[in-house]
Every structure is written in structure tokens, then in C-alpha cells.
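Please treat every number below as a calculation from the coordinates, not as lab data. Here the structure is a predicted model, which is why all the values come from computation and not from measurement. Cβ sites come from the backbone with ideal geometry, for glycine too, and all protein chains shown count toward neighbours.
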């Protein structure tokens, strides 16, 4: 079992989500659902104590991670994806590898969908080249 950021032991993404207030759970479930629709073959796991989606165990297979905090949801990695999507999401970029979506704003699900799709394309390309 792994600890979430509050020190709780969680084994699944469902357990992770259940540890948050109802309004945050709703946002996390929407994000989870979107990722699963865009990348239905991605493995869902807990990695670095947060929800993670990946293909295999290689670094090149990392699709996306997310985590909830008191005032926001963070999404990682934000360092790769199409230039068009990067530009659209620039309002939410905080660091080289992070997007932050404040709880007091709606999740930009169409933009997140585009980002995950562009990450999926990148992961597919990396897996084809080795």
C-alpha cells in the first residue's frame, strides 16, 4: 500500500478520490473518466502516491498523473504534448511539468481531452521507436 499526500494508505484511484471532499471528488471523477475515455488501454495505478496512467513500466510510457490539493488539481506531466494544446492550456501552466486547475473555476475538460490525446500520440510514437 502507498500513502497519499495526507499519509493515508491507498491502493487504488477510487480510494484516492474518496479521501477528498465531495465537490473535489466530483472534479476528480470527471478528470478520471475523461482520461479513461481518451486512453482506455492505459494502465490506471497509484504512482508517487497519486493517480497515474501509463503503458508499461518505461518512462516513455508515462501518459499523465493528477493530484488534488486544497485549492486546485494538479496535472502532470505538462512538459510534452502538441504545441497547439500547450498554448491553449498556457493559462493553467505553473511550472515546467505542471498544470493547475483551481477549484473555483470549471475544469477545462475539452482542453484536457486535447492534452491527453496529444500525450497519447507522443507515448505511442515513443513506444514505436523503442
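On a full-extension model of 0.36 nm per residue, what is the gain between residue 43 and residue 15, subtracting their alpha-carbon distance, rounded to one decimal in nm? Mind showing how you got there, number by number?
Numbers: separation 28, 0.36 × 28 = 10.08 nm, distance 1.62 nm.
In short, 8.5 nm is gained.
Computed FRET efficiency, Cβ-Cβ of residue 87 and residue 22, R0 41 Å: what is it to the nearest 0.05? Each step should come with its number before you reach the end.
Numbers: r = 34 Å, r/R0 = 0.82.
Working from the Cβ atoms, E equals 0.75.
Work out, step by step, the length gained on full extension between residue 33 and residue 100: first 0.36 nm times the residue separation, then minus their alpha carbon distance; give nm to one decimal.
Values: separation 67, 0.36 × 67 = 24.12 nm, distance 1.82 nm.
Full-extension gain reported as 22.3 nm.
So for 38, 123, 94, 24, fewest C-beta neighbours within 10 Å to most, what's the order?
94, 24, 38, 123
Is the stretch 17-109 best put as rounded, prolate or oblate by its Cα gyration tensor, with a ≥ b ≥ c the root eigenvalues, rounded for a/c under 1.5, and otherwise prolate when a/b is larger than b/c, oblate when not? Please report the intermediate quantities before stating the final value.
On the way: a/c = 1.62, a/b = 1.10, b/c = 1.48.
Oblate shape, in that a/c is at least 1.5 and b/c is the bigger or equal ratio.
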